[in-house]
Amino acid sequence: MPKKEKKAKTPLSDEEQLLLFQQKLLAEEEMAKKKERLLSQFLKDKLAKEEHNSALNLNKINTQWRTVLREVKTRELHKDIEILSQTFERVVDCKDNVIKSLAKDLSEAEEQYARALRSHLHNVDQLLALQRHRLSLLEESYNMELEALTKEFETERKTIIDQHEKEIHYLQDIFMAMEQNYIDSEYESKLEFQSMWNDLKNMNLEEKHFLRLHLENIVEDLWRKFQDVLKNYTDATEDRKAAFETLQVKDEKSSKEIEVQMKKIQKLQDAITISKGKIMIHSRESEDENRYIRNDKELVLVQLRKLKAQRTQARAASQKNLVKLTLESNATLKALRKIVDKGEKILKLAEICRKFETEEEKVLPFYSSVLTPKEQEGIEENNLEELTEELAKVMVDYTGMENFWKRYNKVKLEQLSLQHRRAQLLDINGKLREMLKQYLDGISVSDEVLSQLNPLFIVNYQSNLPQPLSIPIAHPGDKQHPTT
């Protein structure tokens with residue numbers, strides 16, 4: 001068997017123990033830093049996820065609430081449209097009634113116009129007859145004066161014609177003499193003009209030819225001198241021009257190279273200064289950051305505990321608010337549905353009632369009060385004394401229903417008046433039936449009739465029956481207006 005060599009453990013020195021202890025501390029600090037980083041990253045991810053979920057839930061709640069509000073708004077708009085259509089129909093009925101009344105007034109005005117036109121035409125006929133009689137008298141006097149004037153005119157006409165013929169002959173002789181003189185003078189002036197025109201034409205042609213030759217000679221001399229000068233200048237400056245162009249090209253190249261090198265040098269100097277400053281700043285910042293990170297770590301842990309507590313509280317509160325919101329929204333939806341159903345019933349009843357409205361009610365749907373201003377003021381003062389603050393607030397909320405209550409009160413009063421009228425008519429009908437029965441009993445002969453009062457037995461022009469009271473008979477067209 002091989003021999004095992006046993007080595008004795010050498011004791012560590014103080015420096016080595018201190019180095020091992022420092023290495024352990026550094027490893028523990030690195031592990032703690034890694035755990036802290038992992039914990040902070042986990043918390044950040046969890047917080048971002050919670051924020052995302054809360055935003056998503058809030059968006060869902062907002063979308064559902066918007067749909068509910070849109071439905072309510074559409075129902076309100078439908079209701080407004082129905083009300084507007086009813087008001088439009090009412091206005092159209094009013095306008096139709098106004099048009100009918102205006103058409104009636106127009107027909108009456110046309111009848112009045114026709115009567116006025118007939119009377120006017122009768123007066124015009126009378127005036128025409130008077131005018132014709134007057135014209136006949138004037139025509140007779142005119143004919144007599146016309147005969148006298150024609151005789152005078154004929155005598156004067158003969159004298160004027162004779163004198164006119166003499167003057168025409170004289171003027172013809174003068175015209176012939178003047179025309180002959182004009183022809184002679186015109187021929188002479190034409191001859192003079194032709195001779196002068198020929199002379200001027202010849203002179204202008206000669207001057208034009210002389211000037212053209214002179215100018216051509218001057219232009220040829222100037223062109224020849226210009227060509228000589230141009231040739232001399234080009235011969236003298238050809239070498240200098242070539243040298244100048246080569247130097248100019250070299251100068252441009254060298255200037256560009258100088259600018260490029262200067263830019264490179266400037267960039268390098270700027271980069272060196274910036275890198276030096278960054279090194280100094282990073283060294284300072286790293287020390288400060290290490291100190292701040294330790295302090296922030298403690299603060300973050302404290303805030304993390306607080307945030308966890310706040311998150312649990314906020315989650316419970318949001319859950320509670322969500323449940324409350326859903327319950328209230330369901331309750332409001334039910335209440336709104338009831339209100340909409342009630343409004344639809346009211347609108348249907350209004351459409352049914354509108355068919356039974358009279359023409360007067362269509363034109364004037366709201367009756368005016370028959371009370372005097374003093375009585376109205378007294379009633380308002382009594383109402384103000386009896387009002388309380390709560391009742392006044394409620395009345396302000398229902399001021400828009402004033403016209404509705406007017407029409408309702410009007411219908412209620414008409415209903416009461418019709419019921420009263422119906423009772424009166426039933427009473428009258430019973431009395432009339434009783435009278436009819438008595439009349440039929442009076443015209444028939446039987447033992448039962450003879451044993452009772454009989455209207456056939458008349459003594460001193462009086463019957464033994466009691467006289468009926470005078471009962472007013474109501475016509476079906478009569479209508480009692482409700483008193484206010």
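The values are calculated or read from the model by the stated rules, or taken from the named source; none is laboratory data. Only a predicted model underlies this, so the values are computations on that prediction, with no experimental measurement involved. Note that each Cβ is placed from the backbone with ideal geometry, even for glycine, and that neighbours are counted across all protein chains shown. The accessibility values were calculated without ligands, DNA or RNA, using every heavy atom of the protein model including side chains. Shrake-Rupley method; radii C 1.70, N 1.55, O 1.52, S 1.80 Å.
Straightening the chain between Lys297 and Leu47 buys 88.3 nm, computed as 0.36 nm per residue apart minus the Cα-Cα spacing. FRET efficiency for the Lys79 to Ser329 pair, using the beta carbon distance and R₀ = 22 Å, is estimated at 0.60.
Could you calculate the FRET efficiency of Glu357 with His122 from 1/(1 + (r/R0)^6), where r is the beta carbon distance between them and R0 is 51 Å, rounded to 0.05?
According to the calculation, E is roughly 0.60.
Summed over the residues of region 23-172 and divided among them, the accessible surface reaches 91 Å² per residue at a probe radius of 1.4 Å.
If you plug the beta carbon distance of Arg422 and Lys393 into 1/(1 + (r/R0)^6) with R0 = 45 Å, you get a FRET efficiency near 0.65. Taking the full set of protein chains and a 1.4 angstrom probe, give the accessible area of Trp65 in square angstrom, rounded to the nearest 10. Estimated to the nearest 10 Å², Trp65 gives 100 Å².
Note on Met31 and Asp221: the extension gain reaches 57.5 nm, defined as 0.36 nm multiplied by sequence separation minus the Cα-Cα distance. Label positions at Gln86 and Met178, each projected 7 Å from the Cα along the C-beta direction, are separated by 10.2 nm. Quick one: pull the percent of accessible area on region 249-356 belonging to carbon and sulfur, 1.4 Å probe, ligands and nucleic acids left out. Roughly 62 percent of what the probe reaches on region 249-356 is carbon or sulfur. Annotation: aspartates and glutamates with alpha-carbon distance below 14 angstrom to Lys374 (same-chain offsets under eight excluded): none found.
Could you tell me which of the pairs Lys24/Lys276; Lys342/Lys410; Lys345/Lys431; Lys33/Lys320; Lys342/Lys393; Lys49/Lys278 are separated by over 32 angstrom between their Cα atoms in the structure shown?
Lys24/Lys276; Lys345/Lys431; Lys33/Lys320; Lys49/Lys278
Can you give the local net charge around Thr150? Use residues other than it whose beta-carbon is closer than 15 angstrom to its beta-carbon, Lys and Arg +1, Asp and Glu -1.
Numbers: positive: Lys151, Arg157, Lys158; negative: Glu145, Glu147, Glu152, Glu154, Glu156.
Local net charge: -2.
Fully extended, how many nm does the chain gain between Arg157 and Lys267 (0.36 nm per residue separation, minus their Cα-Cα distance)?
26.9 nm
In sequence order, region 261-278 has phi-based couplings of 5, 5, 5, 4, 4, 5, 4, 5, 4, 5, 5, 5, 4, 5, 5, 4, x, 5 Hz under the Karplus curve 6.51 cos²θ - 1.76 cosθ + 1.60, θ = phi - 60°, and Gly or Pro positions carry x. 3J(HN,Hα) along region 216-233: 4, 5, 5, 5, 5, 5, 5, 5, 5, 5, 5, 5, 5, 5, 4, 5, 4, 5 Hz, from the Karplus curve 6.51 cos²θ - 1.76 cosθ + 1.60 with θ = phi - 60°, whole Hz, x for Gly and Pro. Note that region 249-356 presents 92 Å² accessible area per residue, ligands and nucleic acids not counted, probe 1.4 Å.
Computed 3J(HN,Hα) for region 134-141, one whole-Hz value per residue from the Karplus formula 6.51 cos²θ - 1.76 cosθ + 1.60 where θ = phi - 60°, is 5, 5, 4, 4, 5, 5, 4, 5, glycine and proline marked x.
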